[in-house]
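All remarks here apply to the structure that follows.
The values are calculated or read from the model by the stated rules, or taken from the named source; none is laboratory data. Because the structure is predicted, anything quoted here is derived from the model rather than measured. Every residue, glycine among them, receives a Cβ derived from its backbone with ideal geometry; neighbour counts consider all protein chains shown. Note: areas computed on protein heavy atoms with side chains; ligands, DNA, RNA excluded. Shrake-Rupley method; radii C 1.70, N 1.55, O 1.52, S 1.80 Å.
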Amino acid sequence: MKQDKLFSFEFSAPKSDEAIVKIGNIHEKLSALNPHFFSVTYGAGGSTKDGTKKTVLDIHAAGSAVAPHLSFGGDSKEKIANLLNDYKDAGVRRVVALRGDIPSGMGASVKMAYANELVAFIRAETGDHFHIEVAAYPEMHPDSKNVETDLSYFKAKVDAGADSAITQYFYNPDAYFRFLDASAKLGVSVPIVPGIMPLTNYRMLIRFSDNCGADIPRWIRKHLETYQDDPEALKAFGEETVTRLCETLLAGGAPGLHFYTLNQSLPVLKLWRNLGL
Ligand code: FAD
């Protein structure tokens, strides 16, 4: 099954020298799985931008395909063009183009360009050099008015030149399959790879999900609540639940899986083994 599916691993941009070393170690372990690519998140607010670039260039130098996440944030077009050229000159071939989130505390002072504008900019600046990934939201982006406008803006990113998409994480496969059908009806034919968030930490997941609008089904929430002070039980429940989700997605035609590693190797290694990859 592995040969014809796209598997990728995402690292969160490091905020310290220790984190850079840690990601290097995890990259070494995960590269043995021969994924399609790694990606590294980007803080449009600025605090982690250098960490993203350093990590991307390190992973690239170690011989793996890697995609920096990128947003305009408050930066000038010139600055983003320079960053793209640095990546291009280094031989990086893939980017994840995002609007990004306005960092808390920066308020309305930053105008965030929509992702379709960034995709168009990357194509205008660098032609077909980069394979461009964009984000997709099977449960709808929280800022969207309704599912139809959400889908039309997703299509706008693809029409602007995106080659494939990675979804926000979700635990309800029906939302994903419906999103695939709705996108196909609009004429979107690029691969839409599900983003997989391991279930490992109850409080963190609730905090993330409240921010990004991902739904935690009640039955999952109740299990996590029950096991929140029993790490072994929580781990076993999380592994089983996410393994089943991945199996359902792959069996239903998902073109691959993008794992949000949260800079931990064990949860994704366990999923990888459970899935027989
Ligand atoms: P857009 O596609 O620009 O959409 C944002 C909102 O605006 C949506 O509600 C959309 O419907 C609407 N919209 C889109 N285009 C238009 C338009 N032309 N006119 C009017 N409305 C429009 N965040 C980070 O800060 N750093 C990261 O590294 C990062 N990585 C991510 C990786 C993945 C795979 C995913 C799924 C998300 C990631 N995020 C990251 C979070 C992401 O930045 C947020 O979800 C952000 O709020 C939206 O980014 P986007 O690129 O999807 O935005």
Keeping to segment 109-159, report how many residues are over 19 Å from A44 (Cβ atoms), touching a residue at least 40 places away in the same chain (Cβ under 8 Å) and near the ligand (Cβ under 7 Å from one of its atoms). 1
Those residues of segment 76-101 which are surrounded by fewer than 22 Cβ atoms within 10 Å (Cβ to Cβ) and in contact with a Lys or Arg (Cβ under 9 Å, 6 or more places away or on another chain), in sequence order: L83, D86
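Among the residues of segment 59-70, is there at least one that is out of contact with any strand residue (DSSP E or B) (no Cβ under 9 Å at 6 or more places or on another chain), open to solvent by 60 Å² or more (accessible area, probe 1.4 Å) and within 13 Å of the ligand (Cβ to nearest atom)?
Residues of segment 59-70 out of contact with any strand residue (DSSP E or B) (no Cβ under 9 Å at 6 or more places or on another chain): 61-63.
Now narrow it down to the ones that are open to solvent by 60 Å² or more (accessible area, probe 1.4 Å): 61-63.
Adding the requirement that they be within 13 Å of the ligand (Cβ to nearest atom) leaves none.
No, segment 59-70 contains no residue that is out of contact with any strand residue (DSSP E or B) (no Cβ under 9 Å at 6 or more places or on another chain), open to solvent by 60 Å² or more (accessible area, probe 1.4 Å) and within 13 Å of the ligand (Cβ to nearest atom).
Every residue in segment 180-213 that is modelled with pLDDT under 95, aliphatic (A, V, I, L, M) and part of a loop (DSSP other than H, G, I, E, B), please.
Applying the first criterion (modelled with pLDDT under 95) to segment 180-213 yields 200-213.
Still in the list and also aliphatic (A, V, I, L, M): 204-206.
Once the filter is applied, which keeps residues that are modelled with pLDDT under 95, aliphatic (A, V, I, L, M) and part of a loop (DSSP other than H, G, I, E, B), segment 180-213 yields nothing.
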I'd like to verify a number: residues in segment 75-87 that are of a type outside the set (G, A, S) and touching a helix residue (DSSP H, G or I) at 6+ places or on another chain (Cβ under 6 Å), how many? 1
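Can you tell me how many residues in segment 137-167 are open to solvent by 40 Å² or more (accessible area, probe 1.4 Å) and either in contact with a helix residue (DSSP H, G or I) (Cβ under 7 Å, 6 or more places away or on another chain) or not acidic (D, E) (or both)? It would help to see each step written out before you state the result.
As a first pass, look at segment 137-167 and keep what is open to solvent by 40 Å² or more (accessible area, probe 1.4 Å): 137, 139-140, 142-143, 145-148, 152-153, 155, 159, 163.
When the remaining residues are screened for being either in contact with a helix residue (DSSP H, G or I) (Cβ under 7 Å, 6 or more places away or on another chain) or not acidic (D, E) (or both), the result is 137, 139-140, 142, 145-147, 152-153, 155.
Residues that pass the stated criteria total 10.
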Given (1) assigned to a helix (DSSP H, G or I); (2) within 14 Å of the ligand (Cβ to nearest atom); (3) touching a helix residue (DSSP H, G or I) at 6+ places or on another chain (Cβ under 7 Å), L234 misses just (2)
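For every residue, the table says whether it meets (1) more than 16 Å from the ligand (Cβ to nearest atom); (2) in contact with a Leu (Cβ under 6 Å, 6 or more places away or on another chain); (3) open to solvent by less than 70 Å² (accessible area, probe 1.4 Å).
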| position | (1), (2), (3) |
| --- | --- |
| Y202 | yes, yes, yes |
| G213 | no, no, yes |
| N263 | no, no, yes |
| L275 | yes, no, yes |
I'd like to know if segment 2-12 contains one or more residues that are under 21 Å from A165 (Cβ atoms), surrounded by 20 or more Cβ atoms within 10 Å (Cβ to Cβ) and modelled with pLDDT under 95. no
Selection over segment 30-55 where residues are near the ligand (Cβ under 9 Å from one of its atoms), modelled with pLDDT of 95 or more and open to solvent by less than 30 Å² (accessible area, probe 1.4 Å) yields a count of 3
Go through segment 242-253 and give me each residue that's under 21 Å from S209 (Cβ atoms) and touching a residue at least 12 places away in the same chain (Cβ under 8 Å). V242, T243, L245, C246, T248, L249
